[in-house]
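Since the structure comes first, as structure tokens, the remarks are kept for the end.
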Amino acid sequence: MAEYESIHGTRVRYLSSDPTLNSSLEGQVWYNSTTGTNKALVQIKATSSGGNMGTGRYGVGGAGTQTAGLAFTGSPGSSPYLSNATEEYNGFNWSTGGNYPLSTRYAHGAGTQTAALGFMSDASPLQLSAEYDGSSWTAGNSLTVPRNRGGGSSNSTQTAGLAFGGNPLSNTTEEYDGTNWSAGGNLNTSRRENPGAGTQTAGLAMGGKNAPGGNTTTTETEEYNGTSWTVVSGVLPTGTSNFNNGAGTQSDAALFGGSNTSGTKISTIQEYDGVVWSNSSATLASNRNSAGIGTRAQGLIFGGLGTTTLNTTEEYNSNINAFTPAVWVAGGNLGTGRYGHAGAGTQSAALAFGGETPSTTANTEEYNGTSWAEQNNLPYAKQKLGGAGVQTAALSIGGTPLPPNSVEEYNGSSWTAGGALGTGRYDVTGAGTQTAGLAFGGLQDSDATEEYDGSSWTNGGNLTTGRRKPGSAGTQTAALGFGGYKWPPPGGGLTNETENYNGTSWTVAPATLSNARQGGSAGATSSAAIFFGGQNVPTATEQYNGTSWSSTTALGTGREEIFGCGTSSLSIGFGGFPSPAATEEFTEGSAAVVTASTLTTS
């Protein structure tokens, strides 16, 4: 057996501890004498599930990146068989975009989520191309040669596209300058259903079918320099066709799944380093013909045709960094399912009270991080109330039915009456603690703010935008209010606006939610909040870092009227409609870190 030194020309380094890890060490091997292990810095390759598409389809076109993807057209697999639907991916969830100019499938894509190019699709006119601006598509000038099911440089731009191959079997190449298509150098091998990657001046053609009709696939790879194509020595381990599943650059590409010569769908991920192709150690979760976009290091694979038409999404990562993604996991169910309720506390010590079951309830429960247990009830049943504080020192604020100015204090065992609100209301939001509480928004006085000192309420500064049941985070003197339902009409409706409170007045923050809604919220400070669930986006989750909102992993069970508490990194959501007993716990992901692997024998 050859030794490491004879293969690589150097000996394995003998170290008492791991060296400082960075990209310059990638591929290197050393022996750690303290742990007695051989270590190496190698790429970690893995696929993980992303949010499902709203419309499952195959022959779907794609563009963009892993965190800002675009899916358009495709076949749902049943009548009407062709689609013009567009969806946008934010790294976690898909949302509806503007419709493509015609219903079709097998459209190729290039560019970004906000500046995309679509071309070479199945439906007439075959030569149609279209441009997307982030909200709507407009028809562009046509390809000069009518054809479909060809390939393109998936990492090129909207104004510098490259199309090649196609059906009828073709070696034709065309270049797009943002206005017109013009002839480029011909492929050496005519092919159809051929994946592509790279850019207009550094394109990559890989695989595809190289005969008229039939399913014979080629393993041949060609590279384009902006003028002509060259057949290179690197060949695919598995000849593959699928036209729209390539990603990356000419020297750093990936091919996600596809079909082999026998027509069998494969789950293999093939990678190209500019010289040779190899199979990744990771595979797709299912055999599929899907769309692939992004880069070799960060790919996004969606839709396709397995045993059924797929709406699933997978993310592929191949790099030296290891990270833990954010996650929602199921917790113990509430004993009394409810919605329109309130709560207080943390992820491992939460309190739920009031709400609808669907009748209005006074029920109170405590959560210990695993299960809920019944406690002494509120003095009377109410719903649409606010909550603040912790499990052993909580506030129940307002609500309906009458009296809407009622406030109750919980001491970890029982409830007693607290000081009444100056302005009675329901759909009110609470923040802060039992002795330094904050109440804002609601009906009938939707911009009113009041501060509690443990015995009585005094008026604070009014919200800039009156609203019902906004989300909240922070304290009495540094609070955050976001989302909710603007009131009164006209001009009412769900809002995505965020406001900051400094203990005296509210100011509108420049950061806005991606989704206008009411939902569950949590956050110990005004610079770190989380918002989840709600109307129209029942699974969507967003986090605030003091400057901007960004999407994170979705709730497992979508719900409206869910209540949340805890911190932005460790929070809990419980109740809601239509799953009033469900509880989920959120844990924030960790930042990517360079991680060495331990080498073992097998």
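Remarks
- Test result for D453, touching a residue at least 12 places away in the same chain (Cβ under 8 Å), of a type in the set (D, E, K, R) and farther than 18 Å from A388 by Cβ: no
- Tallying residues that are within 21 Å of T324 (Cβ to Cβ) and either in contact with a Pro (Cβ under 7 Å, 6 or more places away or on another chain) or at pLDDT 95 or above (or both) within the range 556-594 yields 13.
- Restricting the range 379-399 to residues that are closer than 13 Å to A362 by Cβ and more than 35 Å from the chain's Cα centre (by Cα), the residue that is surrounded by the most Cβ atoms within 10 Å (Cβ to Cβ): K382
- In the range 452-466 there is no residue matching the filter, namely being assigned to a strand (DSSP E or B), over 26 Å from the mean Cα position of the chain (by Cα) and among the charged types (D, E, K, R).
- Meets criteria (assigned by TED's automatic domain parsing to the domain that holds R105, part of a loop (DSSP other than H, G, I, E, B) and touching a strand residue (DSSP E or B) at 6+ places or on another chain (Cβ under 9 Å)) for N287: yes
- Conditions (1) out of contact with any Leu (no Cβ under 8 Å at 6 or more places or on another chain); (2) surrounded by fewer than 19 Cβ atoms within 10 Å (Cβ to Cβ); (3) part of a loop (DSSP other than H, G, I, E, B): number failed by G77: (1)
- Candidate set from the range 476-531 (those that are among the hydrophobic types (A, V, I, L, M, F, W, C) and part of a loop (DSSP other than H, G, I, E, B)); member that is modelled with the lowest pLDDT: W487
- Meets criteria (buried (at least 21 other Cβ atoms within 10 Å of the Cβ) and touching a Lys or Arg at 6+ places or on another chain (Cβ under 8 Å)) for G432: no
- Boolean, G432 is modelled with pLDDT of 95 or more, over 28 Å from the mean Cα position of the chain (by Cα) and farther than 24 Å from Q391 by Cα: no
The values are calculated or read from the model by the stated rules, or taken from the named source; none is laboratory data. None of the values given here were measured: they were computed from a predicted structure. Don't worry about glycine lacking a Cβ; one is built from the backbone with ideal geometry, like all the others, and counts go over all protein chains shown.
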